[in-house]
Amino acid sequence: MPSPIDANRRFSIAPMLDWTDRHYRYFARLMSSQTLLYTEMVTTGAILHGKGDYLAYNQEEHPLALQLGGSNVEDLARCAEIARQRGYDEVNLNVGCPSDRVQNGRFGACLMEEPELVAHCVDAMRQKVDIPVTVKTRIGIDDKDSYEFLGDFITKVSAAGCDTFIIHARKAWLQGLSPKENREIPPLDYPRVYQLKQDFPGLHISINGGIKSFEDMHTHLAQLDGVMVGREAYQNPYLLAEVDQKIFGLDSQVMSRDQVVDAMLPYVEAHLQSGGRLNHISRHMTGLYQGIPGSRSWRRHLSENAHKPGAGIEVLLKAREMMHSGV
């Protein structure tokens with residue numbers, strides 16, 4: 001049965017550790033009302049045993065998906081239920097992260113070798129919640145990177161009731177490459193993901209990896225159901241200002257970069273008043289003026305001043321002024 005957020009999956013922002021926190025997501029939501037946002041990966045252990053609240057978010061962030069890391073069936077089911085209670089719109093299982101720490105915890109990309117376990121996890125979560133349970137995965141791992149290997153994984157996991165997959169169109173090397181290298185070195189294989197959609201037409205398939213422009217997005221959307229953009233949406237966030245118009249077909253006004261800064265000011269003020277620091281938020285905004293004359297002044301002023309004790313919105317306003325004046 002289609003989910004209300006299926007339409008939002010046409011464009012989503014990838015879960016990125018240390019990057020897609022709630023401040024970045026609020027910033028992104030200002031520019032696009034339709035984009036499906038994902039949390040950073042949160043482990044089941046952090047949710048069930050951690051001292052902090054790892055599920056906090058701003059209500060404005062909806063539609064919002066929680067990405068879970070784990071492989072203990074009972075823990076994942078409990079965390080999915082907690083996510084539903086907290087109001088998340090989707091729970092996504094990470095079967096794509098290749099880091100050593102994640103492998104040692106028996107989750108992430110190494111789970112591609114255990115499709116029956118992934119299917120069991122998906123089934124257990126679906127038994128507990130009425131929101132979508134989805135899977136983000138790679139096209140293969142190490143030497144297990146044939147189309148047959150990927151197809152077998154999708155067949156077994158979809159049989160457990162998962163009808164939505166986000167495919168990072170690179171395989172992962174579990175040994176010998178860092179997580180950063182695993183995002184860049186293994187070659188992209190978009191046709192393999194296209195083939196997956198042809199062979200599993202009833203599944204909702206989104207593609208992730210190396211997508212930088214609206215031209216790229218439309219090329220993929222001609223073959224698939226959705227695109228997920230990662231680093232480009234972070235490093236060049238103003239891309240998001242045109243997503244509602246160019247991807248979702250809305251006839252809405254495109255915010256200017258300056259309007260985005262102005263719209264962020266009340267949120268920044270509230271964060272500062274609650275004891276937060278400016279750089280918790282401003283670090284996500286340094287790429288806002290990318291490609292604009294003077295953008296170096298914007299980035300430099302923020303990097304040199306936003307971390308200082310007592311730094312307030314005047315730092316953002318001064319950085320913008322310096323940029324426009326060519327200082």
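No lab work stands behind these numbers, since they all come straight from the coordinates. None of these values were measured; they are calculated from a predicted model. Methodologically, a virtual Cβ is constructed for each residue, glycine included, from the backbone with ideal geometry; neighbour enumeration extends over all protein chains shown.
Quick look at the values:
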{"read-out": "Helix 22-31 vs. the chain, principal-axis angle (Cα, 0 to 90°, nearest 10)", "value": "80 degrees"}
{"read-out": "Top positive-direction residue, dipole computed over the chain with Cβ charges, set 110, 190, 211", "value": "211"}
{"read-out": "The stretch 80-159, relative contact order [Cα under 8 Å, separation at least 6], %", "value": "35 percent"}
{"read-out": "Relative contact order (%) - the chain, alpha-carbon pairs under 8 angstrom, separation at least six", "value": "15 percent"}
{"read-out": "Cα gyration tensor shape for the stretch 209-320, rounded if a/c is under 1.5, else prolate or oblate", "value": "prolate"}
{"read-out": "Value of Rg/Rh across the stretch 158-206 [Cα atoms, Kirkwood radius]", "value": "1.07"}
{"read-out": "Whole-angstrom gap from the stretch 129-150 to the stretch 14-32, using each part's C-alpha centre", "value": "24 Å"}
{"read-out": "Equivalent-ellipsoid semi-axes of the stretch 83-140, from the Cα gyration tensor, Å, largest first", "value": "22, 12, 10"}
{"read-out": "Those trypsin sites (Lys or Arg not before Pro) in the stretch 31-91 that DSSP places in a loop and that have at most 15 other beta carbons within 10 Å", "value": "51"}
{"read-out": "Taking N as its residue count, the alpha carbon Rg of the stretch 257-325 over 2.2 N^0.38 Å", "value": "1.01"}
{"read-out": "Separation of alpha-carbon centers, the stretch 267-327 and the stretch 187-228, rounded to whole Å", "value": "36 Å"}
{"read-out": "Cα gyration tensor shape of the stretch 112-224, rounded if a/c is under 1.5, else prolate or oblate by comparing a/b with b/c", "value": "oblate"}
{"read-out": "Degrees between helix 257-273 axis and first principal axis of the chain (Cα, 0 to 90, nearest 10)", "value": "90 degrees"}
{"read-out": "Across 246/308; 171/212; 51/156, pairs whose alpha-carbon gap is larger than 30 Å", "value": "246/308; 51/156"}
{"read-out": "Hull volume in cubic angstrom per residue (convex hull over the Cα atoms of the chain)", "value": "138 Å³"}
